[in-house]
Amino acid sequence: MSGGFYLSLVRLSRYLGVWVIAFFAWWVSSFYFFFKPARVRRSMDFYKALFPEKGKLARLCMTWKQFHSFASLFAERVRLDRGGAIERIDEGLEILRTAAQEGTGGVLLMSHVGSWEVAARLFKAEGLDLLLFMGQREKEQVERLQKKDLLDNGVAVLAYSTNERDEFSAVEGLRFIRQGGLVSFAGDRLWPGQKSVEVEFLGRKVTLPAGPHLFALATSSPIYTFFAFRT
């Protein structure tokens with residue numbers, strides 16, 4: 001989905017409703033499911049490791065649902081942007097509130113479950129000082145628009161290029177934590193140039209980023225593991 005087409009959908013949804021975005025995102029998700037076999041294979045392999053007792057058809061159904069959760073997330077970010085309410089239940093958020101009040105700072109270790117963007121906006125509404133530390137794909141126009149929207153809504157974002165290491169970003173992240181803020185890292189996404197460590201996960205060897213843990217060590221700050229699930 002190109003950036004221009006996405007912006008046109010957002011404008012159209014102002015007149016017809018948010019369902020327009022969900023509708024087109026569903027078709028985009030279906031396109032990726034049918035015409036990006038390598039991505040489907042990766043998801044199938046993951047579900048095979050996670051649920052070895054499940055058959056191939058069950059894993060294919062889970063992959064289909066995974067791809068199409070994308071459509072709901074796109075609609076939710078627009079709904080939230082227009083002042084709509086998203087019902088939620090949180091567990092452990094009081095720990096982060098206390099950390100914010102005491103100005104201790106910390107590392108928020110997240111995974112790509114649910115919507116990182118919706119979660120960031122809700123964190124901002126809670127008054128939590130949050131900096132998103134993430135990579136940047138050169139051709140992802142929609143992703144760049146999402147990050148711009150977050151900046152416009154007061155959420156700090158540090159996006160570094162995958163083609164070069166940005167030492168300034170690391171310094172800025174360390175400063176942010178020492179000033180009592182939370183710096184959010186993806187614990188399941190490794191970008192080129194990042195320090196990594198090999199671990200065993202679901203009976204296989206995988207490579208994960210060491211950056212979040214190095215930041216915690218450098219600042220003597222706690223790591224908070226964070227998941228956002230959509231139900």
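The values are calculated or read from the model by the stated rules, or taken from the named source; none is laboratory data. What you see is a predicted model; the values in this text were computed from it and never measured. Cβ atoms come from the backbone with ideal geometry, glycine included; neighbour counts cover every protein chain shown. Side chains included, ligands, DNA and RNA excluded: accessible areas come from the protein's heavy atoms. Shrake-Rupley method; radii C 1.70, N 1.55, O 1.52, S 1.80 Å.
A compact table of results
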quantity: Portion, in percent, of the accessible area of the stretch 5-139 that falls on carbon or sulfur, probe 1.4 Å; calculated: 60 percent
quantity: Local net charge near Lys48, Cβ-Cβ under 13 Å (Lys/Arg +1, Asp/Glu -1); calculated: +4
quantity: Environment charge of Ser13, counting only residues whose C-beta is closer than 11 Å and scoring Lys/Arg +1, Asp/Glu -1; calculated: +3
quantity: Proximal charge balance of Thr219 [Cβ under 14 Å; K/R count +1, D/E count -1]; calculated: +1
quantity: Whole-number accessible area per residue in Å² for the stretch 8-132, which is evaluated in the context of all protein chains at 1.4 Å; calculated: 60 Å²
quantity: Projected label distance in nm at Arg39 and Val197, using a 7 Å step from Cα toward the beta-carbon; calculated: 3.1 nm
quantity: Signed unit charges on C-beta, dipole axis of the stretch 58-124, positive-most listed residue Leu108, Leu73, Ala58; calculated: Ala58
quantity: Accessible-area ranking of Thr231, Thr63, largest first, probe 1.4 Å; calculated: Thr231, Thr63
quantity: Area accessible to solvent at Trp64, 1.4 Å probe radius, in Å²; calculated: 80 Å²
